[in-house]
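Read through the structure below, which is laid out as structure tokens, and then see the notes.
Every read-out reported here was derived from the displayed coordinates using simple, explicitly stated rules and does not represent laboratory data. Since this is a predicted model, take the numbers as computed values, not measurements. Methodologically, a virtual Cβ is constructed for each residue, glycine included, from the backbone with ideal geometry; neighbour enumeration extends over all protein chains shown.
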Amino acid sequence: MTRLRAIVPLLAAAALAVIAVLTVREAGCDNPGRYELRADGYELVGGCIAPGDIVLPEPPAKSPVITPTPGFPARS
């Protein structure tokens, strides 16, 4: 029973590793791209990602800052 507890996680990890390798192999990207140093930082050049592939959500609106009324103690 102790050997089974040691072998099962190793088999699961090996299966996940095989799935990861097969996924990367079948991704269909011949040019993985490279990072180039620009004036404002690094930029990914080439690769299989187009500018429209990654959609960034709009930043949330900032909530107004509520200032306490003078003369009243703040609650805690």
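Observations, loosely collected:
- Among the listed values (i) 47, 25, 21; (ii) 44, 23, 19; (iii) 70, 51, 22, the one matching Cα extents along the principal axes in Å as calculated from this structure is (iii).
- Rounded to 10°, Cα long-axis angle of helix 2-25 versus longest principal axis of the chain: 80 degrees
- Dimensions of the range 2-45 from C-alpha coordinates, computed as largest minus smallest value along each principal axis and given longest first, are 57, 24, 7 Å.
- MRE, 222 nm, helices only [DSSP H, n ≥ 4, -39500 (n - 2.57), over the chain, to nearest 500]: -11000 deg cm²/dmol
- Charge-dipole axis of the range 2-45 as Lys and Arg at +1 and Asp and Glu at -1 on Cβ define it, positive-most pick from 9, 33, 19: 9
- Between residue 5 and residue 67, full extension at 0.36 nm per residue minus the direct alpha carbon distance yields a gain of 16.4 nm.
- For the range 27-34, 3J(HN,Hα) computed residue by residue from phi via the Karplus equation (6.51, -1.76, 1.60; θ = phi - 60°) reads 5, x, 10, 7, 10, x, x, 8 Hz, glycine and proline entered as x.
- Evaluating 6.51 cos²θ - 1.76 cosθ + 1.60 at θ = phi - 60° for every residue in the range 52-61, the Karplus couplings come out as x, 6, 10, 9, 9, x, 5, x, x, 5 Hz, glycine and proline recorded as x.
- The chain, dipole about Cα centre (Lys/Arg Cβ +1, Asp/Glu Cβ -1), debye to the nearest 20: 580 debye
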